[in-house]
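Structure, as structure tokens:
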Amino acid sequence: MTFLWWAELGDSLRAVSTYHEDEYELVYERADVSTKPRAIDRIHQELIMEGRGTESLEDALDVGQLNCTLHCFEEAMFLHFVRGPMRGVFVAIDPDAMVFMERFIETCTQSSVDSPQ
């Protein structure tokens, strides 16, 4: 599985982790990322909490099963691929790996459209 991610993203791939409710496995971590403080335990907890809300979100939006969520930060983008109840794959990539998506998100972030009051 890691080879497929790396083939698609090359050096932009930061980390890949699989998880289910009780545990996780860090499948790949780029060398420079492994030197940073690890937050994988907290990330696992967040993914489980996100997973608990998946069914409610699917029901509310009524557009089918949730496949993936994307979280964008200044230094990394995180993709959470849902693989079933409390199961999934978490992928971290460099923010410039998806230039089109980055521009789109930047445009939306800078938009004057605000959430309902």
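The values are calculated or read from the model by the stated rules, or taken from the named source; none is laboratory data. Everything quoted here is computed from the prediction, not taken from an experiment. As a convention, Cβ positions derive from the backbone with ideal geometry for all residues, glycine included, and neighbour counts pool all protein chains shown.
For the stretch 37-57, name all the residues that are more than 19 Å from Tyr24 (Cβ to Cβ) and either hydrophobic (A, V, I, L, M, F, W, C) or within 9 Å of the chain's Cα centre (by Cα) (or both).
Matches in the stretch 37-57: Leu57 only.
Which of the helices (runs of 4 or more DSSP H) found entirely inside the stretch 1-65 contain at least 1 residues meeting this: at pLDDT 80 or above and surrounded by 10 or more Cβ atoms within 10 Å (Cβ to Cβ)? Lay out the reasoning, then the answer.
Details: elements: 2-9, 31-34, 40-52, 54-61.
Where helices (runs of 4 or more DSSP H) fall fully within the stretch 1-65 and carry at least 1 residues being at pLDDT 80 or above and surrounded by 10 or more Cβ atoms within 10 Å (Cβ to Cβ), they are 31-34, 40-52, 54-61.
Out of everything in the stretch 66-82 that is loosely packed, with under 11 Cβ neighbours inside 10 Å and either touching a residue at least 40 places away in the same chain (Cβ under 8 Å) or among the charged types (D, E, K, R) (or both), what residue ends up being farthest from Ala15 (Cα to Cα)? Let's see the steps before the verdict.
Our first condition is that a residue be loosely packed, with under 11 Cβ neighbours inside 10 Å; within the stretch 66-82, this holds for 67, 73-75.
Then keep just the ones that are either touching a residue at least 40 places away in the same chain (Cβ under 8 Å) or among the charged types (D, E, K, R) (or both); that gives 74-75.
On the way: Glu74: 16, Glu75: 13 Å.
Selected residue: Glu74.
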Requested in this report: Name the single residue, out of those in the stretch 83-117 being under 18 Å from Ala15 (Cβ atoms) and among the aliphatic types (A, V, I, L, M), that is modelled with the lowest pLDDT.
Outcome: Met98
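Quick check on the stretch 58-76. Is at least one of its residues hydroxyl-bearing (Ser, Thr, Tyr) and under 13 Å from the mean Cα position of the chain (by Cα)? Break it down stepwise before answering.
The first filter runs over the stretch 58-76 and keeps only residues hydroxyl-bearing (Ser, Thr, Tyr), leaving 69.
Next cut, under 13 Å from the mean Cα position of the chain (by Cα) only: 69.
Yes, some residue in the stretch 58-76 is hydroxyl-bearing (Ser, Thr, Tyr) and under 13 Å from the mean Cα position of the chain (by Cα).
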